[in-house]
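Chemist: Quick one: the structure is below, questions incoming.
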Amino acid sequence: MEPTALERSQVTPPCADELAGRFPLTPNPHPASEERYRRIMTDLRFGVDFTDHLVHAHWSAGEGWSGRETRAYGPISLSPAATIFHYGQECFEGIKAYRHDDGSIWTFRPQFNEARFAQSARRMCLPELEPGDFVAALVDLVRADAKWVPTDPGSSLYLRPFMIGTEPHLGVHPAAEVDFYCIASPSGAYFSSGFEPVSIGLVRDYHRAGPGGTGAAKTGGNYAASLLPQKLAAEEGYAQVCFLDVTGRYLEELGGMNLFVVGEDNTVLTPDVSGGTVLEGGTRSSILTLLADRGYDVRTSDIALDDLLDGIASGRYTEMFACGTAAVVTPIGCLGVDGQRIEIPTGEVTRGVYDELTGIQLGRVEDRYGWTYKICDGENDR
């Protein structure tokens, strides 16, 4: 398949040793106690507990980027008039660090996340980081907190880089002061059930994004817009919500994941991202490559809800799954539409994609694509 504009904008990063130290470390004088550390690492949850350090840099319209540092994790102080509070000027990313069997620590396709972070910043009228700083932030934070990278099945160190407008003003214009941070959370599986089918509720009355909006940017407003329909779906017993486009005819994405539909005739469909209303995911991009190399007829196209329902009923569509950094690959076992619960089987395609992708991420399957990126050896960090 032809690469997208976002995929073409990726730049292969230098090796971690060349980037290390851009965000100099001031060690946390009060790191987590051994008792707290063991409690967190024994009972891993997703995005609830955080490591000892964070990465930070400051930008101003007059001076550009400065003040790069790795420092103690803790509260940040902002003016009540900061742009982020009033106009939501921010963007963020999600990426994981994985412990391989030899103890070394790796991440997965950081160049994709770096390119998407820059794309989101442009759309939100925020400054782009200087070349290499995105991956350097990951390197310096993970090296500072390497002991927090877990080894349990399905676990990882979840990394959250984000950028916020911090200038104190109430006028509607781009912030002249911006701060970049990266924090880390030792995490278990996104869904507590692990690789088990989840139920998805389809909503007609709410939309995640519209043409010309911020749907293709990873920004908080898109997720805020999904919270009410997500809450309503949860009240009906669904784990996630699926959005339609503004016409109400075509599937777009879940509240935080892309989706795929598997056909009986060796075809796999996923919604097109070129319209700017769907967030283009790195996991989605990787799955497209894996499936194409396995000989599947992979198509990015509009998926009409009526055709999907007809295809499930006739057996023409045999599997559905969702994907994203946090959950990786999750089978969809039930689709709720207009009060009806439509059962969908879990099949070989979903399981095969999950096994190969997680195998590559964990260093147990050959990385034929150069997707994994070594952060450090991980020696003597536990």
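The values are calculated or read from the model by the stated rules, or taken from the named source; none is laboratory data. Everything numeric in this text was worked out from a predicted model, so none of it was measured. Because the Cβ atoms are built from the backbone with ideal geometry, glycine has one as well, and the counts that use them run over all protein chains shown. The area values use the complete protein model at the heavy-atom level, side chains included, leaving out ligands, DNA and RNA. Shrake-Rupley method; radii C 1.70, N 1.55, O 1.52, S 1.80 Å.
Chemist: Going through segment 189-247 one residue at a time, which ones are open to solvent by less than 20 Å² (accessible area, probe 1.4 Å), in contact with a Lys or Arg (Cβ under 8 Å, 6 or more places away or on another chain) and either farther than 30 Å from D152 by Cβ or assigned to a loop (DSSP other than H, G, I, E, B) (or both)?
Modeler: If the condition is that a residue be open to solvent by less than 20 Å² (accessible area, probe 1.4 Å), in contact with a Lys or Arg (Cβ under 8 Å, 6 or more places away or on another chain) and either farther than 30 Å from D152 by Cβ or assigned to a loop (DSSP other than H, G, I, E, B) (or both), then G215, A217, T219, N222, F243, L244 are the ones that fit.
Chemist: Got a sec? Which of V353, V365, V329 is assigned to a loop (DSSP other than H, G, I, E, B) and either at pLDDT 95 or above or within 19 Å of E253 (Cβ to Cβ) (or both)?
Modeler: Criteria check complete, one pass: V365.
Chemist: Scanning segment 116-133 for residues that are touching a residue at least 40 places away in the same chain (Cβ under 8 Å) and in a helix (DSSP H, G or I), which turns out farthest from M41 (Cα to Cα)?
Modeler: Among them, the one singled out is R123.
Chemist: Exactly one condition in (1) open to solvent by less than 40 Å² (accessible area, probe 1.4 Å); (2) at pLDDT 95 or above; (3) in contact with a Phe, Trp or Tyr (Cβ under 7 Å, 6 or more places away or on another chain) is not met by L19; state its number.
Modeler: With respect to (1) open to solvent by less than 40 Å² (accessible area, probe 1.4 Å); (2) at pLDDT 95 or above; (3) in contact with a Phe, Trp or Tyr (Cβ under 7 Å, 6 or more places away or on another chain), L19 is out only on (3).
Chemist: Only residues that are farther than 26 Å from D265 by Cα and either small (G, A, S) or touching a His at 6+ places or on another chain (Cβ under 7 Å) (or both): list them for segment 328-374, please.
Modeler: Correct list: G339, G359, L362, G363, G370.
Chemist: From the list T70, T107, pick out the single residue that is open to solvent by less than 10 Å² (accessible area, probe 1.4 Å), in a strand (DSSP E or B) and more than 25 Å from A327 (Cα to Cα).
Modeler: After ruling out the rest, the residue left standing is T70.
Chemist: Go over the candidates L129, L157, L170 one by one and state the one that is open to solvent by 10 Å² or more (accessible area, probe 1.4 Å) and in contact with a Phe, Trp or Tyr (Cβ under 7 Å, 6 or more places away or on another chain).
Modeler: One residue alone meets the criteria, L129.
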